[in-house]
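Down below is the structure, laid out as structure tokens.
The values are calculated or read from the model by the stated rules, or taken from the named source; none is laboratory data. For clarity, every value in this text was computed on a predicted model and none was experimentally measured. Quick reminder, even Gly has a Cβ in these numbers, built from the backbone with ideal geometry, and neighbours come from all protein chains shown. In case anyone asks, the SASA skips ligands and DNA or RNA and just uses the protein heavy atoms, side chains included. Shrake-Rupley method; radii C 1.70, N 1.55, O 1.52, S 1.80 Å.
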Amino acid sequence: VWMHLAADERARALPVLAALMRPGALMIIAIRNGPVPEGRRMYPVSAAETKDLAARAGLATVFETETASIGDANWLAGVRWTRLAFRKPAD
């Protein structure tokens, strides 16, 4: 759902998500990149922006990958997915 939030919403949401995590917890975010389907609301989101928001919320990036979509229509449209994992430091 991350790409369904505007930039200001993402900036407010990430610290809230981080605060809900227990020490040592892992959070994974998947970001859809590509053309927006008709009738859907999506915003461009970069991995760099998301990692910066996470770092400012005290989370460490522990994994990042980008892959093509596995759905036929999305694959043909050039949709790619970025997956990021963040860990909250243990106390």
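Scan the range 30-89 for residues that are aliphatic (A, V, I, L, M), farther than 19 Å from Val16 by Cα, in a loop (DSSP other than H, G, I, E, B) and open to solvent by less than 80 Å² (accessible area, probe 1.4 Å) and jot them down.
Val36, Met42, Val79 - these are the residues of the range 30-89 that are aliphatic (A, V, I, L, M), farther than 19 Å from Val16 by Cα, in a loop (DSSP other than H, G, I, E, B) and open to solvent by less than 80 Å² (accessible area, probe 1.4 Å).
Starting from the range 70-91, take each residue that is under 14 Å from Ile31 (Cα atoms) and list its partners that are surrounded by 10 or more Cβ atoms within 10 Å (Cβ to Cβ) and of a type in the set (Asp, Glu), counting only C-beta distances under 6 angstrom and pairs at least six apart or across chains.
Pairs that qualify, where the first residue is under 14 Å from Ile31 (Cα atoms) and the partner is surrounded by 10 or more Cβ atoms within 10 Å (Cβ to Cβ) and of a type in the set (Asp, Glu), are Arg80/Glu66; Thr82/Glu66; Leu84/Glu64.
Do you know which of the residues in the range 1-29 that are assigned to a loop (DSSP other than H, G, I, E, B), closer than 23 Å to Gly78 by Cα and not β-branched (Val, Ile, Thr) is most open to solvent (accessible area, probe 1.4 Å)?
The initial filter retains those residues of the range 1-29 that are assigned to a loop (DSSP other than H, G, I, E, B), namely 1, 5-6, 21-25.
Next, from what is left, pick out any that are closer than 23 Å to Gly78 by Cα: 1, 5-6.
So of that shortlist, the ones also not β-branched (Val, Ile, Thr) come out as 5-6.
Values: Leu5: 46, Ala6: 18 Å².
The extreme case among them is Leu5.
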